[in-house]
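A short write-up of the structure that comes next.
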Amino acid sequence: GVDVPMTMLAILALYFGVKLADLGARRDYVLAGLFAGLATTTKLPAVLLAVPLLVAHTNAVGRSPSGMRGWLSSKNLWLAFLTFAGVLVITNPGIVLLAGHLIDAALATSAVVVDVPEAFEELAAPAG
């Protein structure tokens, strides 16, 4: 299975996320992006690692002299993102090659979720 390797890579990404929240060092941003990208390549739901890593970034930037004004313009954030995206594309080129199919599948899945309440209404409606 892929759960154990994905979990190990996720733990490493979170470890460097904690370090970047504490120190805000560029090395920690790059390593967090690297391990988050590898975890996501291993199993796609690991993309949710972005949430705690963005929280860690918010903590690091909040303590910087520029404060929250520098949140999106942070070079470290963009470097981590480029590392993440680069690892994802290099290790799983199908993400780029099949992007249209992935988007269609995601939209089809969301359409099913949107139609669920309507299906329940049909079930609850009195027969006749």
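Residue by residue through segment 89-106, note down the ones that are open to solvent by 50 Å² or more (accessible area, probe 1.4 Å) and at pLDDT 75 or above. Across segment 89-106, the qualifying residues are VAL89, ILE90, THR91, ASN92, PRO93, VAL96, LEU97, LEU98, HIS101, ILE103, ASP104, ALA105. Of the residues making up segment 18-30, those that are in a helix (DSSP H, G or I) and open to solvent by 20 Å² or more (accessible area, probe 1.4 Å) are VAL18, LYS19, ASP22, LEU23, ARG26, ARG27, VAL30. Of all residues in segment 31-64, those that are at pLDDT below 90 and outside any helix (DSSP H, G or I) total 2. Pairing each residue of segment 59-82 that is under 19 Å from LEU38 (Cα atoms) with any residue that is in a helix (DSSP H, G or I) and open to solvent by 40 Å² or more (accessible area, probe 1.4 Å), provided the two are 6+ apart or on different chains, yields C-beta distances under 7 Å for ASN76/ARG26; LEU79/ARG26; LEU79/VAL30; ALA80/VAL30. Among the residues of segment 115-126, are any modelled with pLDDT under 70, farther than 19 Å from VAL18 by Cα and not in a helix (DSSP H, G or I)? Checked against the condition, which is being modelled with pLDDT under 70, farther than 19 Å from VAL18 by Cα and not in a helix (DSSP H, G or I), segment 115-126 yields at least one hit. Picking from residues in segment 37-58 that are within 13 Å of the chain's Cα centre (by Cα) and closer than 15 Å to ASN76 by Cα, the one that is most open to solvent (accessible area, probe 1.4 Å) is VAL55.
Listed by first and then second residue, the pairs linking a residue in segment 1-23 that is more than 14 Å from LEU34 (Cα to Cα) to a residue that is of a type in the set (Gly, Ala, Ser), with Cβ atoms under 6 Å apart and 6 or more places separating them unless they lie on different chains, are ALA21/ALA56; ALA21/ALA60.
When residues in segment 65-88 are screened for being open to solvent by less than 40 Å² (accessible area, probe 1.4 Å) and assigned to a loop (DSSP other than H, G, I, E, B), 1 of them pass.
The values are calculated or read from the model by the stated rules, or taken from the named source; none is laboratory data. Note that the structure is predicted; figures quoted are calculated from it, not measured. Don't worry about glycine lacking a Cβ; one is built from the backbone with ideal geometry, like all the others, and counts go over all protein chains shown. Note: areas computed on protein heavy atoms with side chains; ligands, DNA, RNA excluded. Shrake-Rupley method; radii C 1.70, N 1.55, O 1.52, S 1.80 Å.
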